[in-house]
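All remarks here apply to the structure that follows.
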């Protein structure tokens with residue numbers, strides 16, 4: 001029987017799985033499509049293609065909500081299906097799961113029970129704090145007696161943590177993230193352009209903004225609120241900037257509040273090292289400068305920050321023997 005280590009990140013929007021000794025990792029949408037008989041129609045990216053286009057017989061389910069398991073039964077079905085499809089020959093593996101810090105004991109137990117019930121013939125299940133993994137994914141040596149502050153911008157939550165000696169000194173879990181920006185964009189398109197768009201179109205507009213700093217415009221397709229007919233219109237990508245800036249400002253204020261209670265020695269380390277960011281929200285090109293302007297501390301972001309946690313998991317399991 002094969003033995004080794006597996007790393008799993010159960011994100012609000014994406015599910016990522018890495019394996020010891022392999023460079024590539026599996027990344028798919030954390031989504032499941034169920035028919036009216038309770039059978040799985042599609043999972044992951046295939047289910048995402050069906051999102052907002054499904055017939056009434058199909059129900060779309062996102063089992064992870066605000067960083068924790070909101071639908072245990074369907075999350076178990078999804079994870080079981082993934083392992084049967086991609087990892088059915090694996091036995092006696094140790095599974096390392098990335099979890100938020102500020103969750104209840106019941107929510108922590110749900111992560112552990114989920115893995116034991118979904119992945120059979122395991123050796124152990126380890127629950128690893130996400131901020132520690134995100135820091136490792138940013139190239140930080142978390143074992144040193146030095147303070148580091150990392151802000152993880154997720155889809156459903158944003159987590160701000162101070163790390164030292166491989167543990168969490170202080171942290172805050174904010175219950176909003178990139179999904180709230182998408183919802184705001186849907187309402188904004190209704191108010192300013194009289195067009196009703198889906199969340200997938202709002203996400204594409206947000207992603208275009210994260211890649212572009214000028215006044216470029218993109219075509220948005222939806223339903224006209226006046227005529228009720230399909231319509232397309234040109235929308236400047238900067239339409240997303242107001243909400244993104246408000247979001248970054250809110251996170252900056254929470255970061256300030258956390259810094260006020262950090263021990264002085266750790267605060268001096270953070271001032272020297274700067275603040276590290278991870279998650280999809282860190283991809284906004286202006287996020288670093290906005291945070292630096294308000295905090296007066298240098299902010300660092302690596303390439304592909306949305307994969308920081310799974311990179312940290314990969315480093316962790318590759319170090320295990």
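The values are calculated or read from the model by the stated rules, or taken from the named source; none is laboratory data. Here the structure is a predicted model, which means the values were calculated and not measured. No Cβ is skipped: glycine too gets one built from the backbone with ideal geometry, and neighbour counts run over all protein chains shown.
Observations on the model:
One line per residue, one yes/no per condition, for (1) out of contact with any strand residue (DSSP E or B) (no Cβ under 6 Å at 6 or more places or on another chain); (2) surrounded by fewer than 16 Cβ atoms within 10 Å (Cβ to Cβ); (3) farther than 15 Å from residue 202 by Cβ:
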site: 231; (1), (2), (3): no, no, yes
site: 241; (1), (2), (3): yes, yes, no
site: 253; (1), (2), (3): yes, yes, yes
site: 258; (1), (2), (3): no, no, yes
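- Residue check, residue 52 surrounded by fewer than 16 Cβ atoms within 10 Å (Cβ to Cβ), modelled with pLDDT under 90 and assigned by TED's automatic domain parsing to the domain that holds residue 70: no
- Check on residue 191, touching a helix residue (DSSP H, G or I) at 6+ places or on another chain (Cβ under 7 Å) and not in a strand (DSSP E or B): no
- Yes/no for residue 58 being under 26 Å from residue 101 (Cα atoms) and over 19 Å from the mean Cα position of the chain (by Cα): no
- Filter result (touching a strand residue (DSSP E or B) at 6+ places or on another chain (Cβ under 8 Å), assigned to a loop (DSSP other than H, G, I, E, B) and closer than 27 Å to residue 7 by Cβ) within the stretch 264-309: 274, 302
- Listed conditions (1) in a helix (DSSP H, G or I); (2) within 22 Å of residue 293 (Cβ to Cβ); (3) in contact (Cβ under 8 Å) with a residue 12 or more places away in the chain are all met by residue 215, apart from (1).
- Cross-chain or 6+ apart pairs with Cβ under 7 Å, the stretch 282-296 first and surrounded by fewer than 19 Cβ atoms within 10 Å (Cβ to Cβ), then in a loop (DSSP other than H, G, I, E, B) and modelled with pLDDT of 90 or more: 292/298
- Number of the condition not met by residue 207 [criteria: (1) in a loop (DSSP other than H, G, I, E, B); (2) closer than 28 Å to residue 304 by Cα]: (1)
- A single entry from 122, 114, 133, 149 fulfils the requirement of being farther than 21 Å from residue 311 by Cβ and surrounded by 17 or more Cβ atoms within 10 Å (Cβ to Cβ): 114.
- Number of residues in the stretch 140-192 that are in contact (Cβ under 8 Å) with a residue 60 or more places away in the chain, touching a strand residue (DSSP E or B) at 6+ places or on another chain (Cβ under 9 Å) and under 30 Å from residue 226 (Cα atoms): the value is 1.
- Leading residue by the ranking (nearest to residue 309 (Cα to Cα)) among those in the stretch 51-68 that are touching a strand residue (DSSP E or B) at 6+ places or on another chain (Cβ under 7 Å) and part of a strand (DSSP E or B): 64
- Here residue 25 meets the list (1) touching a residue at least 60 places away in the same chain (Cβ under 8 Å); (2) crowded, with 18+ Cβ neighbours inside 10 Å; (3) within 26 Å of residue 203 (Cα to Cα) almost entirely, failing just condition (2).
- Of all residues in the stretch 302-321 being surrounded by fewer than 23 Cβ atoms within 10 Å (Cβ to Cβ) and touching a helix residue (DSSP H, G or I) at 6+ places or on another chain (Cβ under 6 Å), the one that is farthest from residue 127 (Cα to Cα): 306
- One residue alone among 82, 95, 101 is at pLDDT 90 or above, in contact with a strand residue (DSSP E or B) (Cβ under 9 Å, 6 or more places away or on another chain) and in a strand (DSSP E or B), and that residue is 95.
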